[in-house]
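Shown next, in C-alpha coordinates, is the structure this report addresses.
The values are calculated or read from the model by the stated rules, or taken from the named source; none is laboratory data. Given the structure is predicted, the values throughout are model-derived calculations rather than measurements. Please note: Cβ atoms are built from the backbone with ideal geometry, for glycine as well, and neighbour counts cover all protein chains shown. For accessibility, only protein heavy atoms count, side chains too; no ligands or nucleic acids. Shrake-Rupley method; radii C 1.70, N 1.55, O 1.52, S 1.80 Å.
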Amino acid sequence: MHMPRNYDIAELRRLDIAHHLPAQADWQEIENLGGSRIITHAEGCYIHDGDGNRILDGMAGLWCVNVGYGRDELADVAAEQMRELPYYNSFFKTANPPAVLLADKISSLTGGRLPHVFFNSSGSEANDTIFRLVRQYWKLKGEPKRQTFISRINAYHGSTLAGVGLGGMKAMHNIGGDPIPGVEHVRQPYWYNEGRDMSPEAFGTACAEAIESKILEVGPENVAAFIGEPVQGAGGVIIPPANYWPQVEAICRKYGILMICDEVICGFGRTGNMWGHETMGVKPDIIAMAKGLSSGYLPISAVAVSADIIKVMKTGGDFVHGYTYSGHPVSAAVALRNIEIMEREGLVEKVRSETGPYLAKALATLNDHPLVGEARSVGLLGAVEIVADKATGARFGGAEGTAGPMVRDICIANGLMVRGIRDSIVMCPPLIITTSQIDDLVGIIR
Ligand code: PLP
(Lines give C-alpha, C1' and ligand atoms only; values in the text may rest on other atoms or scores of the structure.)
Protein backbone atom coordinates (compact mmCIF):
# COMPACT_ATOMS: atom_id res chain seq x y z
CA MET A 1 0.00 0.00 0.00
CA HIS A 2 1.07 3.54 -0.77
CA MET A 3 2.35 5.45 2.28
CA PRO A 4 0.50 8.77 2.51
CA ARG A 5 2.60 11.90 2.59
CA ASN A 6 2.64 14.29 5.51
CA TYR A 7 0.99 17.57 4.64
CA ASP A 8 0.75 20.85 6.52
CA ILE A 9 -3.04 20.83 6.60
CA ALA A 10 -3.44 24.28 8.17
CA GLU A 11 -1.30 25.78 5.41
CA LEU A 12 -3.23 23.90 2.71
CA ARG A 13 -6.47 25.31 4.13
CA ARG A 14 -5.05 28.79 4.10
CA LEU A 15 -3.97 28.39 0.47
CA ASP A 16 -7.34 26.85 -0.38
CA ILE A 17 -9.11 29.99 0.81
CA ALA A 18 -6.57 32.33 -0.77
CA HIS A 19 -6.31 30.74 -4.22
CA HIS A 20 -8.44 27.69 -4.89
CA LEU A 21 -12.01 27.97 -6.14
CA PRO A 22 -13.68 24.59 -5.51
CA ALA A 23 -16.28 23.38 -8.02
CA GLN A 24 -20.02 23.74 -7.40
CA ALA A 25 -19.37 25.48 -4.07
CA ASP A 26 -20.27 28.51 -1.99
CA TRP A 27 -16.82 30.09 -1.70
CA GLN A 28 -17.82 32.42 1.11
CA GLU A 29 -19.17 29.49 3.11
CA ILE A 30 -15.91 27.59 2.62
CA GLU A 31 -13.95 30.63 3.77
CA ASN A 32 -16.20 30.92 6.83
CA LEU A 33 -15.53 27.26 7.58
CA GLY A 34 -11.77 27.89 7.52
CA GLY A 35 -11.20 26.15 4.17
CA SER A 36 -12.21 22.88 2.55
CA ARG A 37 -11.90 19.47 4.16
CA ILE A 38 -8.61 18.23 2.68
CA ILE A 39 -8.83 14.62 1.51
CA THR A 40 -5.29 13.27 1.66
CA HIS A 41 -5.52 9.60 0.72
CA ALA A 42 -7.91 6.72 0.26
CA GLU A 43 -8.11 2.95 0.06
CA GLY A 44 -10.89 0.55 -0.80
CA CYS A 45 -14.17 2.23 0.22
CA TYR A 46 -12.59 4.74 2.62
CA ILE A 47 -11.28 8.27 2.25
CA HIS A 48 -9.04 9.97 4.82
CA ASP A 49 -8.98 13.67 5.65
CA GLY A 50 -6.24 15.88 7.00
CA ASP A 51 -7.75 15.83 10.49
CA GLY A 52 -7.19 12.08 10.72
CA ASN A 53 -10.79 11.04 10.01
CA ARG A 54 -11.46 7.84 8.09
CA ILE A 55 -14.74 8.22 6.21
CA LEU A 56 -16.77 5.53 4.46
CA ASP A 57 -17.25 6.89 0.97
CA GLY A 58 -20.94 6.42 0.30
CA MET A 59 -20.64 8.49 -2.89
CA ALA A 60 -17.72 6.72 -4.65
CA GLY A 61 -16.10 10.15 -4.97
CA LEU A 62 -18.58 11.89 -7.24
CA TRP A 63 -20.50 8.76 -8.39
CA CYS A 64 -17.40 7.41 -10.05
CA VAL A 65 -14.85 5.35 -8.09
CA ASN A 66 -16.57 2.07 -8.89
CA VAL A 67 -13.60 -0.26 -8.35
CA GLY A 68 -12.62 1.54 -5.15
CA TYR A 69 -9.49 3.44 -4.23
CA GLY A 70 -5.89 2.24 -4.19
CA ARG A 71 -5.80 0.00 -7.26
CA ASP A 72 -2.08 -0.34 -7.94
CA GLU A 73 -2.66 -1.91 -11.33
CA LEU A 74 -4.42 1.22 -12.58
CA ALA A 75 -1.47 3.33 -11.44
CA ASP A 76 0.91 0.85 -13.09
CA VAL A 77 -0.91 0.76 -16.41
CA ALA A 78 -0.99 4.58 -16.47
CA ALA A 79 2.75 4.75 -15.81
CA GLU A 80 3.49 2.15 -18.52
CA GLN A 81 1.35 3.99 -21.05
CA MET A 82 2.93 7.33 -20.15
CA ARG A 83 6.35 5.89 -20.84
CA GLU A 84 5.29 4.32 -24.14
CA LEU A 85 3.00 7.03 -25.55
CA PRO A 86 1.87 9.72 -23.10
CA TYR A 87 -0.15 11.62 -25.64
CA TYR A 88 -1.43 11.43 -29.13
CA ASN A 89 -4.85 12.32 -30.43
CA SER A 90 -7.07 11.21 -33.26
CA PHE A 91 -6.63 14.42 -35.23
CA PHE A 92 -4.45 14.28 -38.38
CA LYS A 93 -5.94 10.90 -39.42
CA THR A 94 -4.18 9.16 -36.52
CA ALA A 95 -5.30 6.90 -33.70
CA ASN A 96 -3.56 5.23 -30.78
CA PRO A 97 -3.82 1.60 -29.61
CA PRO A 98 -5.62 2.10 -26.26
CA ALA A 99 -8.28 4.38 -27.80
CA VAL A 100 -9.03 1.94 -30.62
CA LEU A 101 -9.11 -1.05 -28.25
CA LEU A 102 -11.35 0.82 -25.81
CA ALA A 103 -13.78 1.78 -28.57
CA ASP A 104 -13.99 -1.90 -29.53
CA LYS A 105 -14.53 -2.87 -25.89
CA ILE A 106 -17.30 -0.31 -25.36
CA SER A 107 -19.00 -1.47 -28.56
CA SER A 108 -18.96 -5.05 -27.25
CA LEU A 109 -20.37 -3.91 -23.89
CA THR A 110 -23.39 -2.57 -25.80
CA GLY A 111 -23.79 -5.98 -27.41
CA GLY A 112 -22.66 -4.37 -30.69
CA ARG A 113 -25.83 -2.28 -30.83
CA LEU A 114 -23.90 1.00 -30.49
CA PRO A 115 -20.71 0.15 -32.37
CA HIS A 116 -19.22 3.63 -32.91
CA VAL A 117 -17.48 5.48 -30.09
CA PHE A 118 -16.33 9.10 -29.76
CA PHE A 119 -14.06 10.06 -26.85
CA ASN A 120 -14.03 13.18 -24.68
CA SER A 121 -12.70 13.95 -21.21
CA SER A 122 -15.86 14.52 -19.18
CA GLY A 123 -19.54 13.74 -19.04
CA SER A 124 -20.33 17.35 -19.90
CA GLU A 125 -18.20 17.19 -23.02
CA ALA A 126 -19.84 13.91 -23.99
CA ASN A 127 -23.21 15.63 -23.93
CA ASP A 128 -21.86 18.58 -25.91
CA THR A 129 -20.68 16.08 -28.50
CA ILE A 130 -24.13 14.50 -28.59
CA PHE A 131 -25.78 17.89 -28.94
CA ARG A 132 -23.78 18.81 -32.03
CA LEU A 133 -23.76 15.33 -33.52
CA VAL A 134 -27.54 14.92 -33.31
CA ARG A 135 -28.27 18.30 -34.84
CA GLN A 136 -25.82 17.60 -37.66
CA TYR A 137 -27.32 14.14 -38.17
CA TRP A 138 -30.79 15.56 -38.80
CA LYS A 139 -29.42 18.18 -41.19
CA LEU A 140 -27.62 15.52 -43.18
CA LYS A 141 -30.65 13.28 -43.11
CA GLY A 142 -32.70 15.98 -44.85
CA GLU A 143 -34.81 16.95 -41.83
CA PRO A 144 -33.01 20.13 -40.80
CA LYS A 145 -35.92 21.45 -38.72
CA ARG A 146 -35.39 18.67 -36.18
CA GLN A 147 -33.20 20.64 -33.76
CA THR A 148 -35.12 20.69 -30.47
CA PHE A 149 -34.14 18.48 -27.55
CA ILE A 150 -36.57 17.36 -24.90
CA SER A 151 -35.15 16.83 -21.42
CA ARG A 152 -36.48 16.77 -17.87
CA ILE A 153 -36.70 19.13 -14.92
CA ASN A 154 -33.90 18.27 -12.47
CA ALA A 155 -31.95 16.39 -15.13
CA TYR A 156 -28.18 16.79 -14.84
CA HIS A 157 -26.19 16.64 -18.04
CA GLY A 158 -23.13 18.67 -17.09
CA SER A 159 -21.69 22.11 -16.50
CA THR A 160 -20.70 23.18 -20.00
CA LEU A 161 -23.17 25.39 -21.85
CA ALA A 162 -24.82 22.51 -23.69
CA GLY A 163 -24.70 20.41 -20.52
CA VAL A 164 -26.42 23.09 -18.46
CA GLY A 165 -28.92 23.74 -21.24
CA LEU A 166 -29.80 20.08 -21.66
CA GLY A 167 -29.95 19.74 -17.89
CA GLY A 168 -32.98 20.90 -15.98
CA MET A 169 -31.42 22.32 -12.82
CA LYS A 170 -33.14 25.56 -11.88
CA ALA A 171 -30.19 26.69 -9.74
CA MET A 172 -27.87 26.34 -12.73
CA HIS A 173 -30.22 28.09 -15.15
CA ASN A 174 -30.50 30.91 -12.62
CA ILE A 175 -26.79 31.65 -13.12
CA GLY A 176 -26.60 33.25 -16.54
CA GLY A 177 -30.01 32.09 -17.73
CA ASP A 178 -30.90 29.17 -20.02
CA PRO A 179 -27.72 29.00 -22.06
CA ILE A 180 -28.89 27.10 -25.14
CA PRO A 181 -31.98 27.73 -27.24
CA GLY A 182 -33.91 24.71 -28.41
CA VAL A 183 -34.21 22.66 -25.23
CA GLU A 184 -37.63 21.93 -23.73
CA HIS A 185 -38.03 20.51 -20.23
CA VAL A 186 -40.83 18.25 -19.10
CA ARG A 187 -41.76 16.88 -15.70
CA GLN A 188 -39.55 14.35 -13.93
CA PRO A 189 -40.80 10.88 -12.93
CA TYR A 190 -40.39 11.69 -9.23
CA TRP A 191 -43.15 9.60 -7.70
CA TYR A 192 -42.44 10.37 -4.03
CA ASN A 193 -42.60 14.13 -4.56
CA GLU A 194 -45.23 14.45 -7.24
CA GLY A 195 -47.18 11.24 -7.66
CA ARG A 196 -48.22 9.84 -4.30
CA ASP A 197 -51.86 10.49 -5.00
CA MET A 198 -51.74 7.80 -7.72
CA SER A 199 -50.15 4.42 -8.30
CA PRO A 200 -46.54 4.40 -9.57
CA GLU A 201 -47.83 2.90 -12.85
CA ALA A 202 -50.40 5.65 -13.40
CA PHE A 203 -47.75 8.24 -12.52
CA GLY A 204 -45.22 6.64 -14.90
CA THR A 205 -47.76 6.88 -17.71
CA ALA A 206 -48.59 10.50 -16.85
CA CYS A 207 -44.89 11.45 -16.98
CA ALA A 208 -44.36 9.66 -20.30
CA GLU A 209 -47.47 11.37 -21.67
CA ALA A 210 -45.96 14.73 -20.72
CA ILE A 211 -43.21 13.99 -23.23
CA GLU A 212 -45.73 13.18 -25.94
CA SER A 213 -47.66 16.39 -25.19
CA LYS A 214 -44.45 18.39 -25.49
CA ILE A 215 -43.62 16.72 -28.80
CA LEU A 216 -47.05 17.65 -30.15
CA GLU A 217 -46.71 21.21 -28.81
CA VAL A 218 -43.29 21.72 -30.45
CA GLY A 219 -44.30 19.77 -33.56
CA PRO A 220 -42.78 16.32 -34.09
CA GLU A 221 -41.06 17.56 -37.24
CA ASN A 222 -39.01 19.94 -35.04
CA VAL A 223 -37.92 17.46 -32.37
CA ALA A 224 -34.43 15.96 -32.64
CA ALA A 225 -34.17 13.82 -29.53
CA PHE A 226 -35.24 13.00 -26.03
CA ILE A 227 -32.38 12.79 -23.52
CA GLY A 228 -32.58 11.32 -20.05
CA GLU A 229 -30.58 9.63 -17.34
CA PRO A 230 -32.03 6.14 -16.79
CA VAL A 231 -32.15 7.14 -13.11
CA GLN A 232 -31.74 10.88 -12.47
CA GLY A 233 -28.70 11.07 -10.21
CA ALA A 234 -27.84 14.63 -9.19
CA GLY A 235 -31.57 15.43 -9.33
CA GLY A 236 -31.97 13.24 -6.24
CA VAL A 237 -31.73 9.59 -7.36
CA ILE A 238 -35.14 9.67 -8.97
CA ILE A 239 -35.97 6.09 -9.88
CA PRO A 240 -38.81 6.10 -12.40
CA PRO A 241 -41.74 3.68 -12.23
CA ALA A 242 -40.97 0.51 -14.22
CA ASN A 243 -43.40 1.37 -17.03
CA TYR A 244 -41.96 4.86 -17.65
CA TRP A 245 -38.95 4.21 -19.89
CA PRO A 246 -40.64 1.61 -22.14
CA GLN A 247 -43.42 4.14 -22.73
CA VAL A 248 -40.87 6.88 -23.43
CA GLU A 249 -39.19 4.61 -25.94
CA ALA A 250 -42.49 3.84 -27.67
CA ILE A 251 -43.26 7.57 -27.91
CA CYS A 252 -39.82 8.35 -29.37
CA ARG A 253 -40.27 5.58 -31.97
CA LYS A 254 -43.80 6.75 -32.81
CA TYR A 255 -42.53 10.22 -33.77
CA GLY A 256 -39.15 9.14 -35.20
CA ILE A 257 -37.26 10.94 -32.42
CA LEU A 258 -33.82 9.78 -31.27
CA MET A 259 -33.64 8.43 -27.73
CA ILE A 260 -30.47 9.27 -25.81
CA CYS A 261 -29.55 7.80 -22.45
CA ASP A 262 -27.06 9.68 -20.31
CA GLU A 263 -25.30 6.76 -18.63
CA VAL A 264 -22.67 8.92 -16.92
CA ILE A 265 -23.77 7.65 -13.49
CA CYS A 266 -25.85 4.59 -14.40
CA GLY A 267 -23.32 2.96 -16.72
CA PHE A 268 -20.78 0.32 -15.71
CA GLY A 269 -22.86 -1.70 -13.33
CA ARG A 270 -24.31 0.94 -11.05
CA THR A 271 -27.90 -0.30 -11.36
CA GLY A 272 -27.05 -4.02 -11.45
CA ASN A 273 -26.66 -4.30 -15.22
CA MET A 274 -23.85 -2.96 -17.36
CA TRP A 275 -26.12 -0.09 -18.45
CA GLY A 276 -28.96 1.71 -16.74
CA HIS A 277 -31.01 1.45 -19.93
CA GLU A 278 -30.84 -2.35 -19.65
CA THR A 279 -32.28 -2.11 -16.15
CA MET A 280 -35.03 0.12 -17.57
CA GLY A 281 -35.65 -2.29 -20.47
CA VAL A 282 -35.01 0.07 -23.41
CA LYS A 283 -32.62 0.41 -26.35
CA PRO A 284 -31.33 3.95 -26.91
CA ASP A 285 -29.81 5.24 -30.16
CA ILE A 286 -26.96 7.03 -28.38
CA ILE A 287 -25.46 6.81 -24.90
CA ALA A 288 -23.08 9.05 -22.97
CA MET A 289 -20.72 7.51 -20.41
CA ALA A 290 -17.93 8.81 -18.14
CA LYS A 291 -17.21 8.35 -14.40
CA GLY A 292 -17.29 4.53 -14.02
CA LEU A 293 -15.56 4.17 -17.40
CA SER A 294 -12.23 4.78 -15.64
CA SER A 295 -13.58 4.64 -12.06
CA GLY A 296 -12.53 8.28 -11.95
CA TYR A 297 -8.82 7.41 -11.94
CA LEU A 298 -8.33 9.62 -15.01
CA PRO A 299 -10.72 11.88 -16.91
CA ILE A 300 -12.35 10.18 -19.87
CA SER A 301 -15.83 9.97 -21.34
CA ALA A 302 -17.37 8.41 -24.41
CA VAL A 303 -20.38 8.63 -26.66
CA ALA A 304 -21.55 5.37 -28.24
CA VAL A 305 -23.69 5.73 -31.33
CA SER A 306 -25.80 3.43 -33.51
CA ALA A 307 -24.64 2.33 -36.97
CA ASP A 308 -27.64 4.01 -38.63
CA ILE A 309 -26.66 7.42 -37.28
CA ILE A 310 -23.00 7.09 -38.20
CA LYS A 311 -23.92 5.94 -41.71
CA VAL A 312 -25.68 9.27 -42.20
CA MET A 313 -22.86 11.22 -40.51
CA LYS A 314 -20.39 9.71 -42.98
CA THR A 315 -22.18 11.47 -45.84
CA GLY A 316 -21.33 14.88 -44.35
CA GLY A 317 -17.56 15.22 -44.62
CA ASP A 318 -15.61 16.37 -41.57
CA PHE A 319 -17.43 16.30 -38.25
CA VAL A 320 -15.73 19.50 -37.15
CA HIS A 321 -15.73 18.69 -33.45
CA GLY A 322 -13.25 17.24 -30.98
CA TYR A 323 -11.04 17.95 -28.03
CA THR A 324 -7.28 17.95 -27.46
CA TYR A 325 -7.80 15.01 -25.12
CA SER A 326 -10.25 12.99 -27.25
CA GLY A 327 -9.00 9.42 -27.08
CA HIS A 328 -6.19 10.24 -24.64
CA PRO A 329 -4.02 7.10 -24.61
CA VAL A 330 -3.30 7.09 -20.87
CA SER A 331 -6.94 7.61 -19.91
CA ALA A 332 -7.99 4.96 -22.42
CA ALA A 333 -5.42 2.46 -21.09
CA VAL A 334 -6.67 3.04 -17.54
CA ALA A 335 -10.30 2.66 -18.66
CA LEU A 336 -9.49 -0.64 -20.39
CA ARG A 337 -7.84 -2.00 -17.27
CA ASN A 338 -10.66 -0.70 -15.10
CA ILE A 339 -13.19 -2.63 -17.21
CA GLU A 340 -10.93 -5.68 -17.01
CA ILE A 341 -10.98 -5.42 -13.20
CA MET A 342 -14.78 -5.11 -13.19
CA GLU A 343 -15.08 -8.22 -15.34
CA ARG A 344 -12.47 -10.21 -13.43
CA GLU A 345 -14.15 -9.45 -10.10
CA GLY A 346 -17.69 -9.90 -11.44
CA LEU A 347 -18.70 -6.50 -10.05
CA VAL A 348 -21.84 -6.06 -12.16
CA GLU A 349 -23.11 -9.48 -11.14
CA LYS A 350 -22.22 -8.73 -7.52
CA VAL A 351 -24.36 -5.57 -7.59
CA ARG A 352 -27.22 -7.40 -9.32
CA SER A 353 -27.39 -10.46 -7.10
CA GLU A 354 -25.74 -9.54 -3.82
CA THR A 355 -25.00 -5.97 -2.78
CA GLY A 356 -27.84 -4.24 -4.67
CA PRO A 357 -30.59 -6.36 -3.07
CA TYR A 358 -28.75 -6.13 0.26
CA LEU A 359 -28.71 -2.32 0.13
CA ALA A 360 -32.42 -2.27 -0.76
CA LYS A 361 -33.23 -4.45 2.26
CA ALA A 362 -30.99 -2.46 4.58
CA LEU A 363 -32.50 0.86 3.44
CA ALA A 364 -35.99 -0.54 3.93
CA THR A 365 -35.21 -0.86 7.64
CA LEU A 366 -35.14 2.96 7.78
CA ASN A 367 -38.80 3.18 6.79
CA ASP A 368 -39.92 3.04 10.42
CA HIS A 369 -37.84 6.11 11.27
CA PRO A 370 -39.97 9.16 12.07
CA LEU A 371 -37.93 11.40 9.76
CA VAL A 372 -37.86 9.04 6.76
CA GLY A 373 -40.54 9.47 4.12
CA GLU A 374 -39.14 6.96 1.64
CA ALA A 375 -35.92 4.99 1.28
CA ARG A 376 -35.36 3.69 -2.25
CA SER A 377 -32.58 2.20 -4.33
CA VAL A 378 -31.73 0.43 -7.54
CA GLY A 379 -28.48 -1.49 -7.60
CA LEU A 380 -26.03 0.59 -5.58
CA LEU A 381 -27.78 3.90 -6.13
CA GLY A 382 -30.02 5.03 -3.31
CA ALA A 383 -31.86 7.91 -1.66
CA VAL A 384 -33.53 8.61 1.64
CA GLU A 385 -36.30 11.22 1.67
CA ILE A 386 -36.31 13.22 4.89
CA VAL A 387 -39.65 14.53 6.11
CA ALA A 388 -40.84 16.66 8.99
CA ASP A 389 -44.16 14.83 9.05
CA LYS A 390 -44.27 11.21 7.97
CA ALA A 391 -48.04 11.16 7.49
CA THR A 392 -48.30 14.18 5.20
CA GLY A 393 -44.80 14.07 3.72
CA ALA A 394 -44.30 17.73 4.73
CA ARG A 395 -40.73 18.91 4.34
CA PHE A 396 -38.54 20.86 6.73
CA GLY A 397 -37.62 23.63 4.31
CA GLY A 398 -40.81 24.08 2.33
CA ALA A 399 -41.18 22.81 -1.22
CA GLU A 400 -37.49 23.00 -2.15
CA GLY A 401 -36.18 21.58 1.11
CA THR A 402 -33.03 22.04 3.13
CA ALA A 403 -32.79 18.94 5.32
CA GLY A 404 -30.56 16.98 2.92
CA PRO A 405 -27.39 19.06 3.36
CA MET A 406 -27.97 19.16 7.13
CA VAL A 407 -28.26 15.38 7.39
CA ARG A 408 -25.29 14.99 5.03
CA ASP A 409 -23.12 17.04 7.42
CA ILE A 410 -24.24 14.90 10.35
CA CYS A 411 -23.39 11.75 8.38
CA ILE A 412 -19.93 13.08 7.51
CA ALA A 413 -19.31 13.96 11.18
CA ASN A 414 -20.19 10.33 11.93
CA GLY A 415 -17.83 8.88 9.33
CA LEU A 416 -20.00 8.54 6.22
CA MET A 417 -19.85 10.58 3.02
CA VAL A 418 -23.26 11.01 1.40
CA ARG A 419 -24.70 13.85 -0.63
CA GLY A 420 -27.55 16.11 0.44
CA ILE A 421 -29.99 17.11 -2.29
CA ARG A 422 -32.91 19.30 -1.22
CA ASP A 423 -34.69 17.19 1.42
CA SER A 424 -32.98 13.91 0.64
CA ILE A 425 -29.63 12.29 1.05
CA VAL A 426 -28.31 10.15 -1.78
CA MET A 427 -25.72 7.43 -1.93
CA CYS A 428 -23.67 5.71 -4.59
CA PRO A 429 -20.92 3.67 -2.91
CA PRO A 430 -18.06 1.92 -4.72
CA LEU A 431 -19.22 -1.32 -6.39
CA ILE A 432 -16.77 -3.22 -4.18
CA ILE A 433 -18.66 -2.30 -1.01
CA THR A 434 -19.26 -5.31 1.25
CA THR A 435 -22.49 -6.22 3.00
CA SER A 436 -20.97 -5.34 6.37
CA GLN A 437 -19.94 -1.91 5.03
CA ILE A 438 -23.54 -1.47 3.81
CA ASP A 439 -24.67 -2.21 7.38
CA ASP A 440 -22.30 0.53 8.58
CA LEU A 441 -23.60 2.94 5.96
CA VAL A 442 -27.25 2.43 6.86
CA GLY A 443 -26.44 2.37 10.59
CA ILE A 444 -24.77 5.79 10.38
CA ILE A 445 -27.71 7.21 8.43
CA ARG A 446 -30.08 5.97 11.13
N1 PLP B 1 -24.31 13.51 -16.94
C2 PLP B 1 -24.64 13.00 -15.76
C3 PLP B 1 -25.81 12.07 -15.66
C4 PLP B 1 -23.90 13.30 -14.62
O5 PLP B 1 -24.25 12.81 -13.43
C6 PLP B 1 -22.78 14.15 -14.75
C7 PLP B 1 -21.97 14.50 -13.58
O8 PLP B 1 -22.32 14.25 -12.45
C9 PLP B 1 -22.49 14.67 -16.01
C10 PLP B 1 -23.27 14.32 -17.09
C11 PLP B 1 -21.35 15.60 -16.20
O12 PLP B 1 -20.16 14.91 -16.11
P13 PLP B 1 -18.80 15.70 -15.79
O14 PLP B 1 -18.91 16.25 -14.43
O15 PLP B 1 -17.75 14.63 -15.96
O16 PLP B 1 -18.67 16.76 -16.83
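What are the residues in region 110-123 that are within 20 Å of Pro179 (Cβ to Cβ) and in a strand (DSSP E or B), if any? The answer is Asn120, and nothing else. Residue count for region 7-35 satisfying the condition of being open to solvent by less than 30 Å² (accessible area, probe 1.4 Å) and either closer than 27 Å to Ser159 by Cβ or in a strand (DSSP E or B) (or both): 3.
Right, Asp440: in a helix (DSSP H, G or I) and within 27 Å of Gln24 (Cα to Cα) or not? Criteria not met by Asp440. Filtering region 68-99 to residues that are open to solvent by 80 Å² or more (accessible area, probe 1.4 Å), out of contact with any helix residue (DSSP H, G or I) (no Cβ under 7 Å at 6 or more places or on another chain) and not in a loop (DSSP other than H, G, I, E, B) leaves Asp72, Asp76, Glu80, Arg83, Glu84, Pro97.
Residues that are modelled with pLDDT of 95 or more, out of contact with any Lys or Arg (no Cβ under 9 Å at 6 or more places or on another chain), of a type in the set (Phe, Trp, Tyr) and part of a helix (DSSP H, G or I): does region 357-368 have at least one? Yes: one or more hits.
The number of residues in region 249-291 being within 11 Å of the ligand (Cβ to nearest atom), outside any strand (DSSP E or B) and either closer than 20 Å to Thr355 by Cα or not acidic (Asp, Glu) (or both) comes to 8. Residues that are part of a helix (DSSP H, G or I) and either free of Cβ contacts under 8 Å to residues at least 60 places away in the same chain or open to solvent by 10 Å² or more (accessible area, probe 1.4 Å) (or both) are absent from region 369-389. Taking Val312 as the residue in question, decide whether it is assigned to a helix (DSSP H, G or I), over 15 Å from Leu109 (Cβ atoms) and open to solvent by 10 Å² or more (accessible area, probe 1.4 Å). Yes: the conditions hold for Val312. The set of residues in region 21-43 being farther than 27 Å from Asn66 by Cβ and of a type outside the set (Phe, Trp, Tyr) consists of Leu21, Asp26, Gln28, Glu29, Ile30, Glu31, Asn32, Leu33, Gly34, Gly35. Against the numbered list (1) free of Cβ contacts under 8 Å to residues at least 60 places away in the same chain; (2) within 22 Å of the chain's Cα centre (by Cα), Cys45 comes up short only at (1). Filtering region 48-67 to residues that are more than 16 Å from the ligand (Cβ to nearest atom), touching a residue at least 12 places away in the same chain (Cβ under 8 Å) and open to solvent by 10 Å² or more (accessible area, probe 1.4 Å) leaves His48, Gly50, Asp51, Asn53, Arg54.
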